[in-house]
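Worksheet: one structure, shown below.
What follows draws every value from the coordinates through simple rules; no lab data is involved. This one's a predicted model, so the numbers in the text were calculated from it and none came from an experiment. When we count neighbours, we look across all protein chains shown, and the Cβ atoms used for this are built from the backbone with ideal geometry, even at glycine.
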Amino acid sequence: MHNDETFDDARVSAAYRRTMSSGRARLAEVLGGQVEVESSGAWVTTSDGRTYFNAGGYGVFITGARHATVVREVERQLHRHPIGTRIFLDPAAARAGELLTSVTPPGLDRIHFSGSGTEAVEAAIKLARLGGRRRLVSMAGGYHGKTLGALSVTAKATFQEPFRPLLPDVAHVPFGDTAALTAYLARYPGEVCVIVEPVQGEGGVVIPRPGYLGEVRAACSQYGALLVVDEIQTGLGRLGTWWGVDAEGVRPDILLSGKALGGAVMPVAATIATPEVFAVLDRDPVLHTSTFSAAPIAMAAVCGAIRAIREDGLVERAASLGSRITADLARITSAHLAHHRHEVRGAGLLIGVEFADPSMAADLFISLIGNDVVANLSLNSDNVVRFTPPATMTDSDVDFFIERFDRAARQVAERNPEYEVLTHA
């Protein structure tokens, strides 16, 4: 047997190469070869004792790492009953269901819990088929996961091509173009399931015009389409509201949650539907199941996450911190990178910095790591650096982040003078 202490950085890398993905090991080495071993709040610590501000994590850390409320809930469940028989009913699941539906839009009262966002998407697709909607429409630039059904609506050829054929009767329309969507729905009334994000996260923090979601809801209602809103990354306060749909008072037929739902302690996601859409699974509860669906320890994490978000006012804090940080990043990039075509945009604590040249985004991403800040590049948009910091940040955390972003932006500008001159010319 081996404990973690016997695995120094070289052995960790070798183990990845030997037993998991050698490509993942190579990518880590390009970024410096760090091995993360501990996390707390907005910070992650590597094996050499260095601490990094965590503005990455793909939207998981709205409550920060190891939030005390979440940890208490999970520890209590761990020492009592972590995994259930799947035969008897479980109070942790019942409690999680009540808490989650207490913060969703009214009328979304049925939940299928799962272990990941892509599983939540798969459940939504199956519910759509059970309701007679066998055609799927998603948005160009949208990201919904990489299992085969979810991949069919993830509109990026790079991810899709090696796995074709995918699901049939899938179409993509431009994000924000309700005319194109309406035209498609009019061709197939009563046959379509539409899946859309309030803000495209992996698409590069693409924010639609005000009223767009309401228009999508109206078009779906007019032509009998099922509306699925994917809030796996945007929900639970990330945008400065509990859900992205709240800003326009839209109620989808199915709402998807994940990432932050496990309180950054457990992996868990949810497909949340109206009773009408969920009715078939009410009648036949074994039609769609999973061994670890609603596992007690995961349900404890859900309870802890929702409690933490509520009790700490993290939705409101995400809104205020997001406005401040987005403004600061825009000011800094304008000061140091004005001659590089770029844009800073954000909704709450989902913030993106886009460059015309993808190499500039990569340069900034690497420079941030060198300055002790973890960010993400966007899977569907390689010219966007994305930030999803926790709403639990302290003022000093924010100051650190802004100061280090400023330093990284200066370094990028210094490394790219030729490009800057040519672009300006």
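Across q = 0.10 Å⁻¹, the range 68-311 modelled as identical point scatterers on its alpha-carbon atoms has Debye log10 I(q)/I(0) values of -0.45, in the order of the q list. Computed from the Cα positions only, the extents of the range 253-407 along the three principal axes stand at 61, 33, 26 Å, in decreasing order. Placing unit charges on the Cβ atoms only, positive for Lys and Arg and negative for Asp and Glu, gives the chain a dipole magnitude near 920 debye about its Cα centre.
Subtracting the Cα-Cα distance of Arg283 and Glu161 from their residue separation scaled by 0.36 nm leaves 40.2 nm. Considering only Gly23, Gly263, Gly64, the mean-square fluctuation computed in a Gaussian network model of the chain, springs between alpha carbons under 10 angstrom, is largest for Gly23. Here the 3J(HN,Hα) profile of the range 50-64, calculated from phi with Karplus coefficients 6.51, -1.76 and 1.60 at θ = phi - 60°, is 7, 10, 10, 6, 9, 9, x, x, 6, x, 6, 9, 5, 8, x Hz, Gly and Pro shown as x.
Of the residues Leu227, Gly203, Gly190, the one whose Cα sits farthest toward the positive end of the charge dipole of the range 151-277, with +1 on the Cβ of Lys and Arg and -1 on the Cβ of Asp and Glu, is Gly203. The relative contact order of the chain, computed from alpha carbon pairs under 8 Å that lie at least 6 residues apart in sequence, is 22 percent. Anisotropy class assigned to the chain is oblate, per the alpha carbon gyration tensor with a/c at or over the 1.5 cut-off and a/b no larger than b/c.
Think of each Lys and Arg Cβ as +1 and each Asp and Glu Cβ as -1; about the Cα centre, that makes the dipole of the range 68-311 roughly 280 debye.
For the options Ala300, Ala347, Ala94, a Gaussian network treatment of the chain with springs between C-alpha atoms closer than 10 Å singles out Ala94 as fluctuating the most.
Averaging 1/r over every pair of different alpha carbons in the range 36-183 and inverting the result gives a Kirkwood radius of 19.1 Å.
Using alpha-carbon positions, what is the distance between the centroids of the range 82-106 and the range 334-400, in Å? Computed from Cα coordinates, the inter-centre distance equals 37 Å.
Only bridges with both residues in the chain count here: give the DSSP antiparallel percent, nearest 5. Antiparallel bridges: around 65 percent, rounded to the nearest 5.
Using the alpha-carbon centroid of each, what span in Å lies between the range 138-204 and the range 1-74? Each part's Cα centre sits 33 Å from the other's.
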